[in-house]
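Engineer: Before I ask anything, let me first share the structure, which is written out below as structure tokens.
The values are calculated or read from the model by the stated rules, or taken from the named source; none is laboratory data. On a predicted model such as this, the values are computed, not experimentally measured, just so you know. Note that we place each Cβ from the backbone using ideal geometry, even for glycine, and neighbour counts take in every protein chain shown. Surface areas here come from the heavy atoms of the whole protein model, side chains and all, with no ligands, DNA or RNA. Shrake-Rupley method; radii C 1.70, N 1.55, O 1.52, S 1.80 Å.
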Amino acid sequence: MVQKLKKQQGEATRKQILEVTARRFAQHGYHGTSLEAIAKQVGVAKSSVLWHFGSKEALLYEVIQGVMSKWEKEQTAELLAITDSRERLNKLVDAYKRLTRERPDTLLLFLTVMFEGIDSNAELTEKFREMYKGYRAAIKLAIDLGIQDGVFRKDLAAEDIAAFILAGFDGMFIQWYLDRDHFDLDRASENLKRIVIRFIEVPGSVAPEKSAPALGPTN
């Protein structure tokens with residue numbers, strides 16, 4: 001009974017730390033978010049925060065993963081209803097554009113923590129590597145389905161196209177974040193869709209009418 005109570009208390013504290021971290025980052029940014037401030041707001045010692053997460057980078061990674069996992073589940077449900085291969089790929093681009101506008105703080109945190117952790121935190125770097133593999137896999141699956149439907153060219157490497165699209169996502173976000181007044185995110189997104197579809201589609205192809213297969217989890 002005592003062990004069960006301790007476990008419940010530990011889980012509640014962990015959840016509270018994540019919630020406070022997310023709020024403080026949104027208000028103060030990554031560098032302005034200290035473990036001391038997080039611990040004080042939660043009402044625990046800094047050592048307790050470290051006990052749960054190990055480091056500031058790992059803690060913020062957990063915040064990112066929570067937001068991104070929720071977003072992925074929502075987008076997967078939307079994509080399941082799409083049977084047209086071109087439209088499915090277009091919706092992936094639209095979904096990222098929405099995420100850029102709705103959660104720029106999370107995307108910025110994602111890039112900041114990822115690059116700060118590279119070469120200094122092997123465990124954290126591996127987590128981000130797996131996260132990116134998951135995103136590439138989701139995009140690749142959308143392309144593979146189009147190849148199966150005869151809509152996309154089968155002589156192209158779907159892995160390379162997925163990597164190109166993901167690089168486009170990151171590039172658009174960085175440019176939009178740095179210069180929102182002059183970088184047209186809508187136009188850039190439409191151009192990315194147009195360029196990719198024009199390159200990978202089979203001219204004159206029409207997607208067959210059938211139910212869309214489940215995309216499944218990407219992580």
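Engineer: Among the numbered criteria (1) closer than 26 Å to residue 185 by Cβ; (2) at pLDDT 80 or above, which single criterion is violated by residue 154?
Structural biologist: Looking at each condition in turn, residue 154 falls short on (1).
Engineer: Given 141, 145, 166, which one is within 28 Å of residue 31 (Cβ to Cβ) and part of a helix (DSSP H, G or I)?
Structural biologist: Only one candidate qualifies: 166.
Engineer: May I pose another question? Tell me, yes or no, whether region 103-115 has at least one residue that is β-branched (Val, Ile, Thr), part of a helix (DSSP H, G or I) and surrounded by fewer than 18 Cβ atoms within 10 Å (Cβ to Cβ).
Structural biologist: Scanning region 103-115 turns up at least one residue that is β-branched (Val, Ile, Thr), part of a helix (DSSP H, G or I) and surrounded by fewer than 18 Cβ atoms within 10 Å (Cβ to Cβ).
Engineer: List the residue pairs whose Cβ atoms are under 7 Å apart, where the first residue sits in region 91-116 and is without any contact (Cβ under 8 Å) to a residue 24 or more places away in the chain and within 13 Å of residue 72 (Cα to Cα), the second is acidic (Asp, Glu) and surrounded by fewer than 16 Cβ atoms within 10 Å (Cβ to Cβ), and the two are 6 or more positions apart or on different chains.
Structural biologist: Hits for this filter: 91/78.
One line per residue, one yes/no per condition, for (1) touching a Leu at 6+ places or on another chain (Cβ under 6 Å); (2) aliphatic (A, V, I, L, M); (3) open to solvent by 30 Å² or more (accessible area, probe 1.4 Å):
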site	(1), (2), (3)
122	no, yes, yes
131	no, yes, no
134	no, no, no
143	no, yes, no
152	no, no, no
158	no, yes, no
161	no, yes, no
165	no, yes, no
176	yes, no, no
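Engineer: For region 137-147, name all the residues that are at pLDDT 90 or above and either farther than 15 Å from residue 82 by Cα or aromatic (Phe, Trp, Tyr) (or both).
Structural biologist: Within region 137-147, 140, 147 meet the criteria.
Engineer: I've got another one for you. Restricting to helices (runs of 4 or more DSSP H) lying wholly in region 1-69: which have 1 or more residues that are open to solvent by 80 Å² or more (accessible area, probe 1.4 Å) and under 28 Å from residue 129 (Cβ atoms)? Steps first, please.
Structural biologist: Details: elements: 2-28, 35-42, 46-53.
Answer list for region 1-69: 2-28, 46-53.
Engineer: Inspect region 54-70 for any residue being polar (S, T, N, Q) and modelled with pLDDT under 75 and give the result as yes or no.
Structural biologist: Within region 54-70, none of the residues are polar (S, T, N, Q) and modelled with pLDDT under 75.
Engineer: Also, quick follow-up: Just to be sure before I move on: is residue 171 outside any helix (DSSP H, G or I), farther than 23 Å from residue 62 by Cα and out of contact with any Phe, Trp or Tyr (no Cβ under 8 Å at 6 or more places or on another chain) in the structure I sent?
Structural biologist: no
Engineer: Next question. Between residues in region 54-69 that are on the phi > 0 side of the Ramachandran plot and residues that are open to solvent by 10 Å² or more (accessible area, probe 1.4 Å), which pairs lie under 9 Å by C-beta distance while being six or more apart or on different chains?
Structural biologist: Cβ pairs passing all conditions: 54/123.
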